[in-house]
Amino acid sequence: YQALADSLNSPATFDFGFDPPTYPSWQTDINHPYVAAFAGAYKRETELEPPYAYNGYGDMNLFSTDAGIPTIMFGPRGGEFHAASEWLDVPTVAASARVFLDLVSEMLPSDVAG
């Protein structure tokens, strides 16, 4: 940002920083057992490999970094979150639920999962 401000040749001064709260970036190792279990559940539902990517921020930043909890962000498709034009792709709700159920069944001990 400073380089951009300097390129303006403006008599104004600029101070860049971040005020709390900040949301640190995070990434759960793709080789983590939770990620492998999720990938299996996702593939069984969609017959595709999960498209690992990330954009956005939220509580998962704090869970993964500050609390050290391995985190996977997944859910129904949607967009324009927290705006009047927010939308949800309704068919992806049931598909996401099936992935979650498969994942939990996979991760629970066999005497609990039934």
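Taken together, the values in this text are just the output of simple stated rules run on the coordinates, not laboratory data. All values derive from a computational prediction rather than experimental measurement. Quick reminder, even Gly has a Cβ in these numbers, built from the backbone with ideal geometry, and neighbours come from all protein chains shown.
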Item to complete: Give the residue from Ala36, Thr71, Ser85 lying farthest towards the positive end of the charge dipole for the chain; charges sit on Cβ (+1 for Lys and Arg, -1 for Asp and Glu) and the dipole is referred to the Cα centre.
Response: Ala36
Worksheet item: Can you list residues whose amide H is under 5 Å from Gly78's amide H, if they're 5+ apart or on another chain and H is modeled 1.01 Å from N?
Response: Asp89
Practice prompt. Whole Å is fine, so just give me how far the alpha carbon centre of segment 70-114 lies from that of segment 12-49.
Written response: 15 Å
Discussion item. With +1 on the Cβ of every Lys and Arg and -1 on the Cβ of every Asp and Glu, and nothing else charged, how large is the dipole of the chain about its Cα centre, in debye rounded to the nearest 20?
Written reply: 220 debye
Worksheet item: Quick one: Debye curve from the C-alpha atoms of the chain, no solvent, what's log10 I(q)/I(0) at q = 0.20 Å⁻¹?
Response: -1.20
Practice prompt. Output ³J(HN,Hα) for segment 75-81: one whole-Hz value per residue in order, computed from phi by the Karplus curve 6.51 cos²θ - 1.76 cosθ + 1.60 with θ = phi - 60°, and x for Gly and Pro.
Written response: x, x, 6, x, x, 6, 4
Worksheet entry | Extension gain, Ala97 back to Phe81 (0.36 nm per residue minus Cα-Cα distance, nm) | 3.8 nm
Worksheet entry | Two-site label geometry, Asn9 and Tyr54: point separation in nm, points 7 Å out along Cα→Cβ | 4.1 nm
Worksheet item: Residue-wise, which Karplus ³J(HN,Hα) couplings in Hz belong to segment 61-72, taking 6.51 cos²θ - 1.76 cosθ + 1.60, θ = phi - 60°, and x for glycine or proline?
Response: 4, 6, 4, 6, 8, 5, 8, x, 8, x, 10, 10
Worksheet item: Which of the peptides 97-106, 45-54, 80-89, 59-68 is most tightly packed, and how do the rest follow, going by the mean number of other Cβ atoms within 10 Å of each residue?
Response: 97-106, 59-68, 45-54, 80-89
